[in-house]
Amino acid sequence: MDFRQIRYFVHVADFRNITRASSILRISQPALSRQMQLLEQELGTKLFHRQGHGLVLTSDGALFLDHCTRLLNQFEEVKGLFQQRRASSELTGTVGVGMPVPMMPMFADPFLGQFAKTYPGIRLRMAEGFSALLHEWLLSGSMDLALLYGMSASKVLVQERLLVEDLFLLAPAQAPFVQSGRPIALHEIGDMPMILPHRPHTLRDLVDQNGFMPSEIIEVDALTLMVELVNQGKGVTLLPGPTLNQVSHSNVAVVPLTDPGMNWDVTLCYSSLRPLSEAALAVHRCVRTEVRRLVMTGRWKARWIAGTEDVLP
């Protein structure tokens, strides 16, 4: 028995007719009939009964067909795997990927190792920064792709909303509203200063949209310094869920917010002015897939809102 005979048998079983199967397989009817006879002899059983002008599987034939179908499917999977590996190894080039500072520690470690195995010919250049800077990098061509917070509609960026993140208040543990142990509205921080990035920044836009006017704003563009200032009791700040894993100060408390709309979208973006290379398209698919995996496994505290199209298995 060889693989060719198995393929012949499956076709004959599908068509229930030697003539039609031989036409598809481009083999003469006598030759195909002979192969089926040899197969039956080797197995020591009848695989078909004749019925009118066609064939009907015997019980042994049906059992053999089930095993053969699974075997052919496995073969196609293996063949597809190696075709994908060959195509992956042929892709070359450098692709720049940017993302906000809070995302990088969670995203980069699992992503880089797996990507290097899948696409050894592609060199990834990853960078972190605030959304405004990432936006500039995309437009200038310094970056091919970027994950960005809460982008508005743009004619020069192709955007896909992937997920929604809730924002949390980071506050000194001794603050009175922390002691209540309940979620609060933003206005309940009273006269306490807010530590926020310089404009333009999505975080500043969200505070404006909320209608809250802090008594004082301390402008800081470094995440670690923002957290440290909260630790020192200098004020409060707003951070998304993934960042909370990086907060280890005992003097800092995380407080849920009751304000509607205190969340933002995370979008995967690239410039509409420059088509993505094949290498960049591969990176785009892998980034999207990894983000969804992190959300679905609970490592990224967010709600996935994109579809599953083009997400790698």
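All of the numbers you see were taken from the coordinates with simple rules; none came from a lab. As the structure is a computational prediction, the values presented were derived from the model and not from experiment. Cβ coordinates were reconstructed from backbone atoms using ideal geometry, including for glycine residues, and neighbour counts include every protein chain displayed.
Some observations on this one:
- Equivalent ellipsoid, the chain (semi-axes from 5 times Cα gyration tensor eigenvalues, Å): 61, 22, 16
- Relative contact order (percent, whole number), region 3-89, Cα cutoff 8 Å, 6+ residue spacing: 27 percent
- Per-residue [θ]222 nm for the chain (sum of -39500 (n - 2.57) over DSSP H runs n ≥ 4, rounded to 500): -13500 deg cm²/dmol
- Derived scalar couplings ³J(HN,Hα) [region 267-276; Karplus, 6.51 cos²θ - 1.76 cosθ + 1.60; whole Hz; x for Gly, Pro]: 10, 9, 10, 8, 6, 7, 8, 10, x, 6
- Residues whose amide H lies under 5 Å from that of THR58, counting only those 5 or more places away or on a different chain, are PHE48, HIS49; hydrogens are built 1.01 Å from N in the peptide plane.
- In this rough spin-label picture, where each label sits 7 Å from Cα along the Cβ direction, the ILE24-GLN174 distance is 8.0 nm.
- Phi to ³J(HN,Hα) by Karplus 6.51 cos²θ - 1.76 cosθ + 1.60 over region 248-254, Hz, x for Gly, Pro: 10, 6, 6, 8, 10, 10, 9
- Amide H contacts for GLY233 (H built 1.01 Å from N in the peptide plane; partners 5 or more residues away or on another chain; cut-off under 5 Å): none found.
- Most simply put, the chain has about 65% antiparallel DSSP beta bridges, counting only bridges with both residues inside it.
- Rounded to the nearest 20 debye, the dipole magnitude of region 215-313 is 400 debye, with +1 charges on Lys and Arg beta carbons, -1 on Asp and Glu beta carbons, and the Cα centre as origin.
- Take every pair of alpha-carbon atoms less than 8 Å apart whose residues are at least six positions apart; their mean separation over the length of the chain yields a relative contact order of 20 percent.
- Normalised size of region 175-313, defined as Cα radius of gyration per 2.2 N^0.38 Å with N residues, equals 1.26.
- Intensity falloff of region 3-89 expressed as log10 I(q)/I(0), Debye formula with alpha-carbon point scatterers, at q = 0.13, 0.15, 0.18, 0.26 Å⁻¹: -0.47, -0.59, -0.77, -1.33
- Options ALA279, ILE184, ASN231, ranked by Cα towards positive dipole end of the chain, top entry (Cβ charges): ALA279
- Amide H to amide H, with H built 1.01 Å from N, ARG123 comes under 5 Å of GLY93, THR94, VAL95, counting only residues 5 or more places away or on other chains.
- Cβ crowding within 10 Å averaged over residues, with 207-217, 183-193 ranked highest first: 183-193, 207-217
- Listed residue (ASN210, ALA171, PHE130) projecting farthest to the positive dipole end of region 95-313, Cβ model: PHE130
- Full extension of the segment from ARG123 to LEU139, taken as 0.36 nm per residue of separation minus the current Cα-Cα distance, would add 3.7 nm.
- Calculated from backbone phi, Karplus (6.51, -1.76, 1.60) coupling profile of region 94-102 in Hz, x at Gly/Pro: 10, 10, x, 10, x, 7, x, 3, x
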